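Notes follow once the structure below has been shown.
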Amino acid sequence: MPSAREINRRIKSVTNTQQITKAMKMVSSVRLRRAQERALATAPYTEKIEGMLQRLSAAAGSSDSPLFEQRDVKRTCYIIIGSDKGLAGAFNANINKAMTAVLQSRDKDALTIYASGRKPNEYLRHLRVTPAERWSGFSDKPQFTHAQQLADKAVAAFLDGTVDDVYVIYTKFRSALSQEVITERLLPIMPATVKKEGPSEEYFFVPDAQQVLETLLPHYVQRFLYNGLLQSAASELGARMTAMTSATDNAGELIERLTVNYNKVRQAGITNELTEIVSGANAL
């Protein structure tokens with residue numbers, strides 16, 4: 001059985017760990033609120049672009065734009081959006097599981113991987129898979145310029161025929177306790193999949209619908225990826241806050257159990273000392 005000194009040292013160690021996890025929980029909570037606000041703020045704008053895209057594709061004819069081109073799929077690009085840091089519960093494990101499913105279901109020679117986040121890149125290295133493009137350093141605080149970088153690479157690869165379609169794997173934020181890894185098709189754009197909501201609206205296109213469509217399509221791709229980055233950031237922070245909350249609570253429970261054991265050991269030690277004193281006195 002551990003000595004009282006060893007148990008006391010363990011209590012101090014767990015207490016220090018609890019202070020760290022509690023601080024990380026508080027930081028993640030504050031940053032999560034900001035990330036949620038950013039994700040929610042972009043939603044109306046993205047929905048309006050989707051509605052305009054539907055009308056434009058109908059007015060201009062989607063067949064005229066190369067981003068609508070449907071091809072025989074010989075090579076597919078997957079954009080993986082993950083985290084730069086750990087300590088986020090099952091967040092990174094779920095992304096890695098989705099990547100593994102893709103790699104097992106497709107021939108590696110027919111795949112092009114773009115990975116955003118240190119953790120997905122580390123896992124790909126473990127699987128001995130080299131991504132064609134990689135980014136890191138902004139998983140929990142993405143900016144629109146980061147989405148533009150991803151979009152430029154994806155659009156260029158699709159237009160020059162390097163890949164025939166593009167999918168995005170990211171974590172959709174439901175709540176701090178619930179995140180879902182989803183895979184969505186980005187290119188070629190499917191007008192029929194763009195949802196049309198709200199009352200009917202009339203648009204006048206200047207100079208014409210085709211030119212407006214050509215300008216809007218790249219911006220739509222950028223906003224799509226920006227939304228994925230924001231959703232992933234909110235999911236990462238939510239998962240980390242939940243994990244740190246659980247770790248803090250577990251540390252508290254462990255401290256309580258160790259304190260009880262410490263008191264028992266200390267009491268047993270005092271009892272033994274008293275017994276020895278009484279035995280010595282009786283012997284005299």
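The values are calculated or read from the model by the stated rules, or taken from the named source; none is laboratory data. Keep in mind that this is a model prediction, so the values were computed, not measured. Quick reminder, even Gly has a Cβ in these numbers, built from the backbone with ideal geometry, and neighbours come from all protein chains shown. Ligands, DNA and RNA are excluded from the accessible area calculation, which covers all protein heavy atoms including side chains. Shrake-Rupley method; radii C 1.70, N 1.55, O 1.52, S 1.80 Å.
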Leu217 is checked against (1) loosely packed, with under 13 Cβ neighbours inside 10 Å; (2) modelled with pLDDT under 85 and fails just one. What number does that condition carry? (1)
Can you confirm whether Phe205 is among the aromatic types (Phe, Trp, Tyr), open to solvent by 50 Å² or more (accessible area, probe 1.4 Å) and at pLDDT below 90? yes
Given the conditions (1) open to solvent by 20 Å² or more (accessible area, probe 1.4 Å); (2) assigned to a loop (DSSP other than H, G, I, E, B); (3) touching an Asp or Glu at 6+ places or on another chain (Cβ under 8 Å), report the number of the one that Lys119 does not fulfil. (2)
Close pairs from the range 243-267: first of a type in the set (S, T, N, Q), partner assigned to a helix (DSSP H, G or I), Cβ under 7 Å, at least 6 apart: Thr245/Lys25; Thr248/Gln18; Thr248/Thr21; Thr248/Lys22; Thr248/Lys25; Thr259/Ile11; Asn261/Ile7
Test set (1) within 22 Å of Glu184 (Cβ to Cβ); (2) modelled with pLDDT under 85; (3) surrounded by 14 or more Cβ atoms within 10 Å (Cβ to Cβ); (4) not aromatic (Phe, Trp, Tyr) - Ile80 fails condition number: (2)
Pick out the one residue from Ile113, Ile95 that is part of a strand (DSSP E or B) and either open to solvent by less than 30 Å² (accessible area, probe 1.4 Å) or at pLDDT below 90 (or both). Ile113
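Results for (1) assigned to a helix (DSSP H, G or I); (2) within 27 Å of Asp72 (Cβ to Cβ), shown as yes or no for each residue.
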{"residue": "Arg125", "(1), (2)": "yes, no"}
{"residue": "Arg128", "(1), (2)": "no, no"}
{"residue": "Ala147", "(1), (2)": "yes, no"}
{"residue": "Ala157", "(1), (2)": "yes, yes"}
{"residue": "Gly161", "(1), (2)": "no, yes"}
{"residue": "Val166", "(1), (2)": "no, yes"}
{"residue": "Tyr170", "(1), (2)": "no, yes"}
{"residue": "Gln179", "(1), (2)": "no, no"}
{"residue": "Ile182", "(1), (2)": "no, yes"}
Taking the condition open to solvent by less than 10 Å² (accessible area, probe 1.4 Å) and among the small types (Gly, Ala, Ser), does Gly137 pass? no
Is it true that Lys153 is open to solvent by 40 Å² or more (accessible area, probe 1.4 Å), at pLDDT 90 or above, in contact with an Asp or Glu (Cβ under 7 Å, 6 or more places away or on another chain) and not aliphatic (A, V, I, L, M)? yes
Across the range 1-32, what is the number of residues that are touching a residue at least 24 places away in the same chain (Cβ under 8 Å) and either surrounded by fewer than 14 Cβ atoms within 10 Å (Cβ to Cβ) or not charged (D, E, K, R) (or both)? 16
Are any residues in the range 172-182 more than 18 Å from Glu37 (Cβ to Cβ) and touching a strand residue (DSSP E or B) at 6+ places or on another chain (Cβ under 7 Å), and if so, which ones? Glu180, Val181, Ile182
